[in-house]
Amino acid sequence: MSAEAGTSEQRAASGEHENAVVVDRSSHSISRRRIPENVLKVLYRLHRSGYRAYLCGGSVRDLLLNRPPKDFDVATDAHPMEIRRLFRNSRIIGRRFRLAHIIFQDMIVEVSTFRREPERGTDENAELLITDDNTFGTPLQDARRRDFTINALFYNIADFSVIDYIGGLKDIDEKKVRVIGDPDIRFREDPVRMMRAVEFASRLQFDIEHDTYEAILRHKHEILKASPPRVAEEILELLRRGWSRGAFRMMVEIGLLEPLLPEIYRAIAADRAPYFWKMLEVLDRTVQAGRKIPDAVLFAVLLLPWVVEELEAEERRRSG
């Protein structure tokens, strides 16, 4: 589907979709048959109760790309406690980002309230790292606060249209990973976004857009400010989904691996450990064939070049 699909009436000029590209049902490829029944139940109940109810984020992107979504998340203008009252099978979770989990027998549907960026000081040297994200907003504000344009699309259950406030459809057409807003600010706000840019580029076989790429080069050392558990989870994501070889090639090329895992970087830089890339290739084929690899094995693959280098250094010391 082209980002320019349809005619001028698809571009909303006023009302709730002002400044958005709205692609109607006849002009996009998303079918409700590909959305799980429990997700549809949540969307329809919110809609019938008078709330906006959108499928959001990566699921919309993947459905447009004809890929199986990993998750199906819902965004709404209902506040968390309003969602809680609508769904007896729900619970409110989170501190920095309060949202609702609707619990079904075979899945959990995550429902978030539209949010906007928190207010910040005017001092250009102020700390930008986000520590709170609970300010409710409009769909437009919610789209603007997301990480990448391709992850900020909405599917509206009211009329089955796709809503694009920030150019995600165009970037899907052009196969670009583009950060929303000023990349220098966005990567300082949340350094893990740099790793996620690599993840999406590797997973989707997209390019990282030029300004986004250059900002990662400038701010790669900011990754050391990120929460270690989040970084560890992102590393596992790069290893466990079947695109690890390309992802780690890009991590080396873009400079993120060096500050993050300097021992691993030194062991594999300049193709000093060709067997490592071969192992990642085998790992990717195994995952793509449907086998689940334990996280301990994934970390072992990642650490092996450093272990081998240390063993070789010890051998040289002994023989010297």
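The values are calculated or read from the model by the stated rules, or taken from the named source; none is laboratory data. Only a predicted model underlies this, so the values are computations on that prediction, with no experimental measurement involved. Every residue, glycine among them, receives a Cβ derived from its backbone with ideal geometry; neighbour counts consider all protein chains shown. These area figures cover heavy atoms from the full protein model, side chains too; ligands, DNA and RNA do not enter into them. Shrake-Rupley method; radii C 1.70, N 1.55, O 1.52, S 1.80 Å.
In this entry, Thr286 passes the filter for residues that are of a type in the set (S, T, N, Q), in a helix (DSSP H, G or I) and out of contact with any helix residue (DSSP H, G or I) (no Cβ under 9 Å at 6 or more places or on another chain). When segment 38-96 is filtered for residues that are assigned to a strand (DSSP E or B) and either out of contact with any strand residue (DSSP E or B) (no Cβ under 8 Å at 6 or more places or on another chain) or hydrophobic (A, V, I, L, M, F, W, C) (or both), the ones remaining, listed by number, are Ala53, Leu55, Cys56, Val74, Ala75, Ile92, Ile93.
Among the residues examined, Arg188 qualifies as out of contact with any Lys or Arg (no Cβ under 8 Å at 6 or more places or on another chain) and not in a loop (DSSP other than H, G, I, E, B).
For segment 211-252, residues that are under 24 Å from Asp271 (Cα atoms) and touching a residue at least 60 places away in the same chain (Cβ under 8 Å) total 3.
Among the residues of this structure, Ala75 counts as one that is touching a residue at least 12 places away in the same chain (Cβ under 8 Å), of a type in the set (Gly, Ala, Ser) and touching a Cys at 6+ places or on another chain (Cβ under 8 Å). Pairs under 8 Å by beta carbon, first residue open to solvent by 10 Å² or more (accessible area, probe 1.4 Å) in segment 56-68, partner of a type in the set (A, V, I, L, M, F, W, C) and not in a helix (DSSP H, G or I), six or more apart or different chains? Note: pairs meeting the criteria are Leu64/Met1; Leu64/Ile30; Leu64/Leu153; Leu64/Val162.
Conditions (1) at pLDDT 95 or above; (2) touching a helix residue (DSSP H, G or I) at 6+ places or on another chain (Cβ under 9 Å); (3) in a loop (DSSP other than H, G, I, E, B), marked per residue:
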site	(1), (2), (3)
Ile102	yes, yes, no
Val109	yes, yes, no
Glu117	no, yes, yes
Gly121	no, no, yes
Thr131	no, no, yes
Phe154	yes, yes, no
Leu169	yes, yes, no
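If the condition is being open to solvent by less than 60 Å² (accessible area, probe 1.4 Å) and either of a type in the set (Phe, Trp, Tyr) or closer than 10 Å to Ser244 by Cβ (or both), then segment 294-320 contributes Leu298, Val301, Leu302.
The set of residues in segment 179-191 being surrounded by fewer than 19 Cβ atoms within 10 Å (Cβ to Cβ) and not charged (D, E, K, R) consists of Gly181, Ile185.
Tell me which helices (runs of 4 or more DSSP H) are completely within segment 196-281 and hold 2 or more residues being closer than 24 Å to Val307 by Cβ and open to solvent by 40 Å² or more (accessible area, probe 1.4 Å), or say none if there are none.
It comes to 228-240, 244-254, 262-268.
Note on segment 29-40: residues that are without any contact (Cβ under 8 Å) to a residue 60 or more places away in the chain and either basic (Lys, Arg) or surrounded by 18 or more Cβ atoms within 10 Å (Cβ to Cβ) (or both) total 3.
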